[in-house]
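J.: Sharing a structure here in structure tokens format.
The values are calculated or read from the model by the stated rules, or taken from the named source; none is laboratory data. Not measured: the values here are computed from a predicted model. Cβ sites come from the backbone with ideal geometry, for glycine too, and all protein chains shown count toward neighbours. For the accessible areas, the whole protein counts, side chains as well, though only heavy atoms, and no ligand, DNA or RNA atoms are used. Shrake-Rupley method; radii C 1.70, N 1.55, O 1.52, S 1.80 Å.
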Amino acid sequence: MIKEEYIPYVDGLIELAVREDIGDGDHTSLACIPAEERGRMRLLCKEEGILAGVEVARRVVHRLDPEALFEEHLSDGARIRPGDIAFHVSGRIQSLLRAERIVLNIMQRMSGVATQTSRYVERLQGLHTRVLDTRKTTPGMRVLDKMAVKIGGGENHRMGLFDMILLKDNHIDFAGGIEPAIARVREYLRATGRKLPIECEIRTPEEVDRVFAAGGVDRIMFDNFTPEQTREAVRRVAGRCETESSGGITLETLRTYAECGVDFISVGALTHHIRSLDLSLKACE
């Protein structure tokens, strides 16, 4: 199920996709397919991976043909192999053809993100560390990327700038340092009545002590640390707040950082360095 708070984003994205792809009409289908002629199509999986986007595909189909019959055979999160059929859809052929490319564009990318995420999650098997996504997403498609990360077994970081305080290096430098930055954040939250988690990025293990001297935060991010620096920073935090590693961590180095004891590792490549999964939507009996 799509989270309730995500639905406006998903529906808005679908509307944009319909406008940019269909415009004032699918004139090819209008020219050669009778308006009331009905047909059936199937979503064929052509590659191994993690299926994602089935629920979004259902919304696309029903946006273009509210009376279409959507027969789901595989759900979001299913491990797929070539030849698997994710769903059948029946309805007015003109509507099915209008939905075809929108459905594929969404599902191929989402399945690629979910498949990529699952590889990172599997690399952390047996450890308490969890993999996080970032804001490095395609503009306008963030909600789909975030949904796909969850489907692939990962966790979401913040959705945007509005649902978490994250003091990064530029904020800290412009504010005059870690201590004044944290002080201003706490005053801002008091003044506005907001209850947002606070995360602070640090650049050396020694800065852990400065964060706690300023009153502490909910999570500390170790930015571009070596594994040795990460172990030292985790030791200094000593369980007083959550910890996160970020910056240049690859699938090959992921487990090394996790074994340092961090709670989270954020990986931009989950959403900005992916290959779409091969799927097709074809006419069938």
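J.: Within region 7-54, track down each residue that is in a helix (DSSP H, G or I) and crowded, with 17+ Cβ neighbours inside 10 Å.
T.: Correct list: Tyr9, Val10, Leu13, Ile14, Ala17, Ser29, Val54.
J.: Additional query: Any chance region 177-195 includes a residue that's within 21 Å of the chain's Cα centre (by Cα) and modelled with pLDDT of 95 or more?
T.: No: zero hits.
J.: Hey, another quick one. Name the residues in region 123-181 that are closer than 22 Å to Glu259 by Cβ, outside any loop (DSSP other than H, G, I, E, B) and touching a helix residue (DSSP H, G or I) at 6+ places or on another chain (Cβ under 7 Å), would you?
T.: Arg123, Val131
J.: Moving on. For region 249-283: of the residues being assigned to a strand (DSSP E or B) and among the hydroxyl-bearing types (Ser, Thr, Tyr), which is nearest to the chain's Cα centre (by Cα)?
T.: Filtering region 249-283 for residues that are assigned to a strand (DSSP E or B) and among the hydroxyl-bearing types (Ser, Thr, Tyr), the one nearest to the chain's Cα centre (by Cα) comes out as Ser266.
J.: Take the conditions of a type in the set (A, V, I, L, M) and within 15 Å of the chain's Cα centre (by Cα) and apply them to Ala99. Does it pass?
T.: Answer is no for this residue.
J.: Tell me, yes or no, whether region 164-172 has at least one residue that is free of Cβ contacts under 8 Å to residues at least 40 places away in the same chain, open to solvent by less than 40 Å² (accessible area, probe 1.4 Å), over 23 Å from Cys45 (Cβ atoms) and β-branched (Val, Ile, Thr).
T.: Yes, that holds for at least one residue.
J.: What are the residues in region 98-108 that are surrounded by fewer than 24 Cβ atoms within 10 Å (Cβ to Cβ) and in contact with a strand residue (DSSP E or B) (Cβ under 9 Å, 6 or more places away or on another chain), if any?
T.: Glu100, Arg101, Leu104, Gln108
J.: Based on what the data block shows, is Val89 more than 26 Å from the chain's Cα centre (by Cα) and closer than 19 Å to Cys284 by Cβ?
T.: In short, yes.
J.: Also: Which of (1) under 28 Å from Ala148 (Cβ atoms); (2) open to solvent by 30 Å² or more (accessible area, probe 1.4 Å) does Thr230 not meet, given it meets every other one?
T.: (2)
J.: How many residues are open to solvent by 50 Å² or more (accessible area, probe 1.4 Å) and in contact (Cβ under 8 Å) with a residue 40 or more places away in the chain when one looks only at region 66-96?
T.: Residues in region 66-96 being open to solvent by 50 Å² or more (accessible area, probe 1.4 Å) and in contact (Cβ under 8 Å) with a residue 40 or more places away in the chain: 2 in total.
J.: Also, I was wondering about something else. How many of the residues making up region 109-138 are within 14 Å of Ile151 (Cβ to Cβ) and open to solvent by 30 Å² or more (accessible area, probe 1.4 Å)?
T.: 3
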